Structures are given as C-alpha cells and as structure tokens.
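The values are calculated or read from the model by the stated rules, or taken from the named source; none is laboratory data. All of these numbers come straight from a predicted model, not from anything done at the bench. Cβ atoms come from the backbone with ideal geometry, glycine included; neighbour counts cover every protein chain shown. Note: areas computed on protein heavy atoms with side chains; ligands, DNA, RNA excluded. Shrake-Rupley method; radii C 1.70, N 1.55, O 1.52, S 1.80 Å.
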Amino acid sequence: MEQIISIKPLFAVLASLLVIPVLISSSEKPNIREGWTILAGIIKFSLVVSMLPAVLQGQQLVYTLFTFVPGVAIKFRVDSLGMLFALVASFLWIVTSIYSAGYMRGLKEHAQTRFFSFFALALSATIGVAFSANLLTLYMFYEILSLSTYPLVAHHQDEEARKSGRKYLIYILGTSIGLVLPSMIVCYNLAGTLEFGSQGILAGQASPTVLGILLFMFVFGFAKAAIMPLHAWLPAAMVAPTPVSALLHAVAVVKVGVFSIIRVLTGIFGIELLSALNLGHVIGYIAAITILVGSLIAISQNELKRLLAFSTISQLSYIILGVALLTPKGQLGGIIHIVMHAFGKITLFFCAGAIMVTTGKKYISQMHGLGRQMPVTFLAFFIGSLSVIGLPPTGGFYSKWYLVLGSLQAEQLPLLLVLLASSFLNAVYFLPVVFKGFFAPVYSQGVKPGYSEAPSMCLYPLAITALISVGLFFYPDLFRDLIQLSMG
Amino acid sequence: MSFQYPALIIIIPVLAAVFCSALMWGNRRLVYPLCVLALTVTALSTFVLLAEVIQFGPVDYRMAGWPPPWGIQMRIDLLNGLVLCIVSVIALVNLIASFRSVEQELAEKTDTFYILYLLFVTGLLGVVITGDLFNLYVLLEVTSLAAYAQIAMGDPDRSPVASLNYVFLGVIGASFYLLGVGYLYIKTGSLNMMDIASILPSLYSSLAVFTAFVFCMVGVWAKMALFPLHVWLPNAYAYAPTASNRIMAPLMTKVMVYVMIRLMFSVFGMDYVFEELALSEHIVLLASIAILAGAVLALAQKDLKKMLTYIIVSEIGYLVGGAWLGNSAALTGTVLHVLNDALMTFCLFLAVGNMSYKLKNLHFDNLQGLFSRMPLTMAGFVLAGVSIVGIPPTCGFFSKWFLLSGALEAGNYVFLLALVFSSLINAVLFFRIFEICFFEPMHSGEDHAHEHSRSVLSEAPASMLLPLLLVAAGLLAVGLYSGMIVDHVVAPFVSGVVA
Amino acid sequence: MPDILGVFVAKYNYWLFIVLMMVGLYAMIAKNNLIKKLVGMNIFQTAIIFFFISIAYKKGGTLPIIENAHGHSAPAIHAAEYMNPLPHVLMLTAIVVSVATFGVALALAVKTYRRFQTLEEDEIRIRMRQK
C-alpha cells in the first residue's frame, strides 16, 4: 500500500474546529451562524471527497503531527476504512446542521451557539477518529469526542439532563480510562508500536490468555459501541435534543465506538490471530446477545426515541458480529452496515424530531393517525424502518444479505438464526408505528388543530436521507469497493 | 557574563527583596514593578542556562571560585535546569496574575508580601541549583520561613494555626534531613554532592550510610507531604492568601521531589538505592497508598480549594512511586510529571484564584452556573482538570503514559492499578465540579428547561485571565511537544543515571 | 551484656543526643500547649546541633585557631592536630535558622493567642469550629 504524505487529513479535522470562534462571535445572528456551520460542513466534506480518488487507487495519505515516543505519534492515515466512515460522518453533518437549525428554532431552544460549537468540535473529533493512524491518536480523539458531547447531551440543563449526563460520563469515561488506557499501554509494551498494521501487531507477542483478556478489555472499553451490559448510557442520552441524538448517537458517537473496535480487531489483533485463537466466536456471541436483547427491549418501549435507542444498540452489534465472523462476506456486511444503518437511523431520528417540533409528541401511543397529517415524515419513517429491518429496496437489505452470507461462510448457524430472528423483531416494533400512524384513528388528546407537515428545514434533510437509503440499495458500489480495498 | 548566570539567578531575587524593603520607606509604588523586573531577568537567565546545558552539557559554577569540596558548588544539569525554568516561569506568571488578588486580600501589607514572595522564590531557586548538601538545607529553611510567614497572612482565623502546624512538621522534616547530612559527613567527610557520590560506593554496606539515607528520605518526604506525612498541606494551602497558594502548591512539593530524585540518583546512586536496599517495592506500595488516600480524601471534600490540595497529595504519590520504580520509563515519567504537574496545579489554582476573587467562598453550593458566569476561567479550569485526569492531548496524559509503562515494565501491578484507579477518581472529582458549574441554580417548581434565568457574565479581570489562558494553552503545547521535551531534556538525564 | 555497655559508654554523645531529640519530638507532638510545643521544637533542633558539634571533636585535638597566620606565610599545618572547624561553622548557620524559625513560630503563637485567647491546642480547635 503506497503511502503519500498529505496535509489534507489535518485540514479535514480542523475545518470544523476553526469555525468555532466564528460561531461564537456570530452568536447574535443566527442565520450567519448556521450559514457558517453549513459552510464548514461542506468544506469538510469536500476535503474528505478530494482524498477519495487516491484512496480508491489503493494509496494511503499520511501526515504525522507530533512524535511522542518511537512508534507512537499523533498521526493521521487515510485508508479505505477510515474514508468510508469519514464520508458518512461528514456528509451527514451537513444534513444534520440544516435539520438542527430547523429543530432548534422550531422549539426555541436556548444556548444554540453553545450547541453548534460543541457539535462542530464533536465532528472534528469524529473525523479525527476516522483518520487515526494508530491507537494513541484514536484514543485521543475518542476522549475529545466524549468530552465535547457532554454539553450536548446535557443541553437542557434540567434534572433529567443532569442524571443522563452523569450516566453518559460514567459509562463512557469510566471504560475508556479504566479499560482502554491500560490495555493500550500493555499493547505498546508487547508490540513496541501502536500503529494499525494490516495483519495486526500482536501476533505471537503474548500468551493466548493475555491476548484474550486484552481483547475483552478493548471490546468493553469502547463503551460507545453500546455492547451489553455497557449500553445503559444510550437510552439515557436520548434526553438530548433530537439532532444530537440523530447525528451523534445514531451516527457519530456510536459509530466511533464500533469503528474503534473494528480497528482493534483488524489493525491491532488481526483476523488471522483472532481465528487462530478462536476469539471471533466469543465476540460473535457477545454481539448476538446484544442484538437479541436490544430488539426485545425495544418492543416494550413507548417513547419513540428510546425505541430508536434500543434499536441502535441492537444494530451496532450487527456490525461487530459481521467483523467477528472473520470471513470476507461477514466483514463486508458488517462494515457496510455502518453506512446503511447510519442513513436509515438518522432518517428515523429526524422523523422523531420532526414530530416533536410539529406536535410536541414523544410517545408512540400518541402518534396514531399522525401519518395523515404528516405524510412525508411518516413515509420517510417507513423507508428508514425498512432499511433497519433489512428489506429491499433499501440499503439495509444489502448489509443484512452479506451478514447472512457471512455467517453461512463461517458455518455459524446459531448466529444466522439470531440475525433472522432479530430482523423479525425489528419488524415487530417498527411497522406498527407506521401503520398506526397512517391508518389508526387520530389520538384526540392534545391535538393542535390544523397543523400540517414539519418545518421545511427539518423536512428536506429527512427526505434526503430517506432517498439515499433507497439509493444505496441500487448503488452500494462505492462503499463496497472501499471495504474490499481495506480487506486487502 | 554568561558564566555568572547561576549566581545571578540566586542573587537577583535576593537583592530585589532587599531593595524592596528599602523602598518600603521610600516610594512604595515601585515595589511591584521591581519584583516583576527581577523575576523576569531571573526567568530569562534560567532559560539561557537550560539552553546552555542542552547544548554543552552540565554547567559547573563555583561560588567565589573556591574549588569543591571546600567551596560551595552549583551544578546545573538537565534535571535542575528544567526545574529552574519551571520555578522561575511559574513565579513570574503568578506575580503578574496575582496583582489584583494581593490588593484585594492583603490591602495594607502588599509590600511585605512581595518581599516574602521574592525570598520564597530565591530559596526555591537555591535549593534547585545548589550542589552542596548543607547549602540545600539552608536554602530550604529560607524557603520554608518565607512560606510560613506568607501562609499566616491569609485567613485571619485559621491560617496562624495552619502555619504553626506546618512549622512543626517542616522543622521535623528539615531537621531529619540535616541529621542525614550529618551522618553522611561523618562517613565521607564531604558535603558536596558529586564528591559524596564518588566516595560512597566503597561505603555501601555501612549502617551509618543507611541511616543517613533513611533520615534524608523521611525528611524530604515530610516536606513534600507524602502520605501519611501530608497532614500539614491541606490546611496550609487552603487558608493561605491566593497568591501564595498559587505558587506554593505547584512548586514547593515538586522542588522537594527534585531533591529526592537528586539524592536517590545523583548522590547515593541507583546501585545503592535499588540493589543494596530492598526497599523499593515497599516504597512503591506506600506511594500507591498515598495516591489512593489522596484521591479518596479529595472525594470527601465539600470545598473546592481543599479538594485540590488533596489532589496534590495524590500527585505526590505518583511522583514518589515513579521515582522508586527504578526503571528508565518510570523515571522519565516522574521527571516529565514534575513539569506537567507543576503546570497543571498552577493552572488549577490560577482558575480557582479567579473564582475566589469573584465569589466569596468556594463551597460547592456556591459554584452553580459558573460556566455562564465565568466562561473563560472555567475553560482554563476544564483544561487543567482534564489534564489531571490524563486525557490526551493535554500534558497529564503523556507523563501518565510513561509512569504506566514503567509500572508495567517493573511488573508492579499495584502501582498500575493505583494509577488507573486514581485517574477514574480524578475524573469523578472534576466532572462533579463541571456538572455543578454547568447547571444553573434551580428555581423551585421549574421544569421546562427553556426559560430559566441566565447568570450574568462576570469574569475576572484581564490581568488574571490572560495568565490563566496562557498556562492552559501551555498545558496543550507541553502535551503535544512531550516528545521533543523528553528527547532533548529528560531522556539524556535519565539515561545518564539509570543503568 | 558487657558489649552493649561498651557500646553505650563509647558512643555516649550519640545516645545523649538521641534522648534529647526524642524529648523534643515528644514535646512537639504530645503536649497541648503551643509554647511547650515550640520549646520542644527548639530542643529537637538543638539536639541535632549538639550531634554535629560532638562529631567535630578529636582525641587530643586542640582549638582550630591557627597562630600567626595573618599576613605572614602560613606555617605548615597538621590537620589531625586541630579539631574540625567545619561542623562548628555549619552549626552557626543552623543556629541562626533555628532562632529564626523559633521567632516566626512565636509570632504565630502570639497571633493565635490574640485571636483565640488561649494557647491550648484542643481549646483552639473547639473555638475555631465555633467561628
């Protein structure tokens, strides 16, 4: 793999960071402030896209910032896996910024400048994680993400926000400091480096027991991936404003968690080592438990955002499961699910937020008949659900298909059954929302007469992401190619 | 003239102190500018000196030209070159940042305070730069006396008693150190550090040398507030005037750590400390207990300043444990942590000083909504807190990295666990504060979060804010450039003393 | 038994200073009255000063003053005949330090007395809590 030195990754990370002072200074003029946010998003996305041709040709762009000890530096490396994640995250930031503007104004939320500033910081950190060349850089941006999302989660500054914020920090910081940090140092001591290698760096460096314990510490240490039992922060974090939930908890924060785990599995341990130690099965079963239990809990939820949260918990473990199958098709399915789930879930969250802005309703039981008043929103919700369930003609089908093939390839019949059962459960909790929305009689309490669709700044984004979810079914090539490049 | 820098570094603050006391009868308004000038010149000299040491190797300076071991020698190598810079820079920045708070807290006695301040800095610089054991004792006592007096100028009710307790423990510590020096003198006939280091190897099995080592160590530990000899620190620092605790907290204990490292590695030598004595495991255990004790005690505090003082106790545990682990990674971590901890503690206390300038007391209940009232101060506080927890890219992470690596290399899992655990407890400590400051005071019956009263912005004045922001930026810069600092300054020193 | 006695008698200066040091330490820690603590501190420091001075003594040595050295060429000196002047010199400094510390501590005690009208430590603690 040819490596070119390029400063573009650094600029991509900095694009949103540098816009923060501008945002703070234009806090009195919301249009200018939002305009700058969107502009920064477009710049970031363009920078990421500009690196795409080189990556597709098999090259990697690297840039070293500060060398710390030999083998450990703050270093960027844009490879195909990171490019995939960065494309999704940076594109969705643009869409979410437009949506946020509509949402925050619709609800007349306070502290909007703080919101947009920390949002920008969080996105910088996300792209930083995507472009990390080694475990230290990844850890650094992971922590910056945790810190910058706290003010977003606790945005409402009421008692509920305080409790959720606390839970968020305890789970996320506790695991990263308590589990990932020691593991990282042990890793460095064993391997002498922390750079992600194409075959992993730990082969033959320690006994299987030590490697096994290390693996568990990493997998549970990246609690942002919401693997059970460290998932409780995610439903609690739903008290945040919906754009936060949408981008961060359906797309950026949680995807950073699974991305980090994937990097550890492929770049630190390596597929060969994991199969030799039979550790893939163990991770696979842990993921399977989360998949099933997450879906089961989701069925019992009445609050829409909590339902979506548990659905996310479940879907994230699909990604882990895919990679843990240790087969090419499984990996393809798992990693491309990052993309499919991102677009599907963000559509669903956008719809939930649109419903909140227009009608003030949070509970599914109150949303009967709403589909007739907000047809576009509910149609988008339907498309999003299809994608998450994994039915054609949405992108989600593509990833589920490969996951199924992957589990067959790995001869893991129980895991196959888990996948199918979970898809069924997804249908059980998603479809009634849509059907009752369109066909049930209107829930009469608290009805505001004569409302129609969501504000347009909310509507366009969700329509766009829904359309893309469908589009990805027909044109998954770009992402498929990136993944196949990463598998070598 | 450059070869006179070492002496200048001590003489300038002392002369300035003398001139200031003369000015007290003359033009009182010149006292502060004179202090600033003196410390600026000193700070610049330390940097020049450090540059010289990096380029040419250790600098030897003989007071009045008398050759050692009869004369007092000052030997500046990479370790004390670094510590000199730290001391002088922090002293200078603190002086500038404290102008307002000194006016506020010590209205009539500002000149006296500045004189004591200069003497304190002189003593510290002297302790660091000297190469003679008895000279170190003298300058240590100069520092301590200035400290005792400064502390007593604080809270009128509690500070005299706090200072008196400090006097007692400080005297015990210094006297034990003196006793140790006495034993060494009996055995070696010399007071010069380098000289003793060359004579000692033939005396390793002597009980007197062992006694000397123990006394010196215990004395130094009492002065650096290693648990359980830490009891003087929380009260002394909490009730001192703001300007005092801002300079004592980062520097006093760290300079004592420097003395410990000097004694362990340059005077007695690694062979003696780690091979002849089988004490290191036990000391590291003690250090781990110190770390945890400090952290747990900090959890129990309800006042911000007190909480921070217990965190200092915890940090001392890091430093002592790191030095006693006995491998190069751990020692690198310790030396780097001396730099980092001085900066982090300084930044924390700068922020806290700003807060106490504006708020009346620092009890937790009083801190609500502080993020909106003092956003810039809180930004500095957040950076410092995050650095103490050890989150990259702040500097605290990088020294913790080395300490953890060293612990792993030495197979000392107790220390490793203590480090990880205390990072978690520090996270709890600081995020508890952040949470309190982030959330506005609640109005009863208030549920909908969109309309609540916004606290009025009332930041500290610029002369207090700018140093804070500068130091906070420094935390990031030092963190990111850790590699360079380690390569040029710390690693050469460590490879010179560690086998 | 005779061995221990021999050791004791031979090094009686060290034993003396140890006893003195312990007395001082005890007073600093266990006594309640601030002035008594201060006196203990002084005793403690004085013990150490004694220790240093006692090691300067040499059997058969005389006072370390060189005759007729002023201005003329110095006569040959056999250092073994003179007592060691260095510890004395060092202890001059140490005495100064001790006096200074004592002075500062006394000032603090006076300040405490003015504030709390008592010099008993437990009383002070009670009155401090009442503030």
(request) Hey, can you grab everything whose amide H is under 5 Å from the amide H of A:F68? Only 5+ residues off in sequence or another chain; H modelled, so Pro and N-termini drop out. (result) A:A73, A:I74
(request) Calculate, in nm to one decimal, what A:Q3 and A:S27 gain on full extension: separation in residues at 0.36 nm each, minus their alpha carbon distance. (result) 4.5 nm
(request) Please state, to two decimals, what the Cα-based radius of gyration of segment B:306-447 comes to when divided by 2.2 N^0.38 Å (N = residues). (result) 1.17
(request) For A:I289 and A:A440, compute 0.36 nm times the residue count separating them, minus their Cα-Cα distance, and round to one decimal in nm. (result) 50.9 nm
(request) With a point put 7 Å past each Cα toward its Cβ, work out how far B:A64 is from C:E120 in nm, to one decimal. (result) 5.2
(request) Tell me the label-point distance for the pair B:H282, A:A421, using the 7 Å Cα-to-Cβ offset, in nm and rounded to one decimal. (result) 5.9
(request) With r as the distance between the Cβ atoms of A:L52 and A:E411 and R0 = 41 Å, compute the FRET efficiency 1/(1 + (r/R0)^6) and round to 0.05. (result) 0.70
(request) Just need the Rg to Rh number for segment B:215-370, please, alpha carbons only, Kirkwood Rh. (result) 1.02
(request) Would you kindly calculate the translational diffusion coefficient of the protein assembly as shown, applying Stokes-Einstein with the Kirkwood radius from alpha carbon pairs, for 37 °C and a viscosity of 0.692 mPa s, and quote it in µm² s⁻¹ without decimals? (result) 102
(request) Mind putting a number on the dipole of segment A:278-488 about its Cα centre? Charges go on the C-beta only, +1 for Lys and Arg and -1 for Asp and Glu, and I need it in Debye to the nearest 20. (result) 500
(request) Would you work out the charge dipole size for chain B about its Cα centre, treating the Cβ of every Lys and Arg as +1 and the Cβ of every Asp and Glu as -1, and quote it to the nearest 20 debye? (result) 660
(message) Can you tell me which lysines have their Cα less than 27 Å from the Cα of A:K345? Leave out same-chain residues fewer than eight positions away.
(response) A:K44, A:K108, A:K163, A:K167, A:K224, A:K255, A:K305, A:K329, A:K361, A:K362, A:K400, A:K436
(message) Please compute, for peptide C:117-126, the average count of beta-carbon atoms on other protein chains lying within 10 Å of each residue's beta-carbon.
(response) 1
(request) Can you list which of the trypsin sites (Lys or Arg not before Pro) found in segment A:179-267 are DSSP loop residues with at most 15 other C-beta atoms within 10 Å? (result) none
(request) Kindly tabulate the residues in segment A:173-208 with an accessible-area decrease of at least 30 Å² between the chain alone and the assembly of all protein chains, using a probe of 1.4 Å. (result) A:L173, A:I177, A:L181, A:P182, A:I185, A:N189
(request) With r as the distance between the Cβ atoms of B:I199 and C:I77 and R0 = 22 Å, compute the FRET efficiency 1/(1 + (r/R0)^6) and round to 0.05. (result) 0.45
(message) Would you calculate the convex hull of the Cα atoms in segment B:89-162 and tell me its volume per residue in Å³?
(response) 83
(message) Please compute one quarter of the surface area of the Cα convex hull for segment A:109-185 and express it in square nanometres.
(response) 5.1
(request) Before rounding to the nearest 500, sum -39500 (n - 2.57) across all DSSP H runs of length at least 4 in the protein assembly as shown and divide by the residue total; then give [θ] at 222 nm in deg cm²/dmol. (result) -23500 deg cm²/dmol
(request) Jot down the radius of gyration and Dmax of segment A:190-319, Cα atoms only, both in angstrom. (result) 16.0, 50
(message) Through the Karplus equation 6.51 cos²θ - 1.76 cosθ + 1.60, θ set to phi - 60°, convert the phi angles of segment B:335-351 into ³J(HN,Hα) values in whole Hz; use x for Gly and Pro.
(response) 5, 4, 6, 4, 4, 5, 5, 4, 5, 5, 5, 4, 4, 4, 6, 4, 4
(request) First measure r as the distance between the Cβ atoms of A:K108 and C:N33, then evaluate 1/(1 + (r/R0)^6) with R0 = 56 Å and state the FRET efficiency to the nearest 0.05. (result) 0.25
(message) Give the separation of the Cα centroids, segment B:205-264 to segment B:16-59, in Å.
(response) 25
(message) How long are the semi-axes of the equivalent ellipsoid of segment A:278-488, defined as square roots of 5 times the Cα gyration tensor eigenvalues? Whole Å, largest first.
(response) 33, 18, 12
(request) State in Å² the accessible area per residue of segment B:282-499; use a 1.4 Å probe, count heavy atoms of protein chains only, and round to the nearest integer. (result) 31
(message) Per residue of segment A:142-149, what does 6.51 cos²θ - 1.76 cosθ + 1.60 with θ = phi - 60° give for ³J(HN,Hα)? Whole Hz please, x for Gly and Pro, Karplus curve as stated.
(response) 4, 5, 4, 4, 4, 5, 6, 8
(message) Relative contact order for segment A:278-488: what percent, with Cα pairs under 8 Å and sequence separation of 6 or more?
(response) 28
(request) Find how many whole Å separate the alpha carbon centroid of segment A:451-485 from the alpha carbon centroid of segment A:412-434. (result) 22
(request) Any chance you could check the Cα centroid distance between segment B:136-182 and segment B:269-321 for me, in angstrom? (result) 21
(request) Find the Cα radius of gyration of segment B:10-119, compare it with 2.2 N^0.38 Å by division, and give the number to two decimals. (result) 1.24
(request) Using only the alpha carbons of chain B, determine the length spanned along each of the three principal axes and report them from longest to shortest in whole angstroms. (result) 78, 61, 43
(request) Return a whole-number percent for the relative contact order of chain A, with Cα pairs under 8 Å and 6 or more residues apart as the contact set. (result) 15
(message) Less than 15 Å Cβ to Cβ from B:T377, Lys/Arg counted +1 and Asp/Glu -1: what total charge do the surrounding residues give?
(response) +4
(message) Within 10 Å of each Cβ in C:88-97, how many Cβ atoms from other chains are there, averaged over the peptide?
(response) 4
(message) Testing the spin-label approximation: label points 7 Å from Cα along Cα→Cβ at B:R158 and B:V48. State their distance in nm.
(response) 4.4
(message) Rounded to two decimal places and with Rh computed the Kirkwood way over Cα pairs, what is Rg over Rh for segment A:276-340?
(response) 1.06
(request) For segment A:315-401, divide the Cα radius of gyration by the Kirkwood radius and give the resulting Rg/Rh value with two decimals. (result) 1.10
(message) Ranking request for peptides B:124-130, B:211-217, B:161-167: highest mean number of other beta-carbon atoms within 10 Å first, then the rest in descending order.
(response) B:124-130, B:161-167, B:211-217
(request) Please list the equivalent ellipsoid semi-axes of segment A:145-254, computed as the square roots of five times the alpha-carbon gyration tensor eigenvalues, in descending order and whole angstrom. (result) 32, 13, 11
(message) Using only the alpha carbons of chain A, what is the convex hull's orientation-averaged projected area in square nanometres?
(response) 20.5
(request) Name the residue farthest towards the positive end of the dipole of the protein assembly as shown from the options B:F215, A:A287, A:G192, assuming +1 on Cβ of Lys and Arg, -1 on Cβ of Asp and Glu, about the Cα centre. (result) A:A287
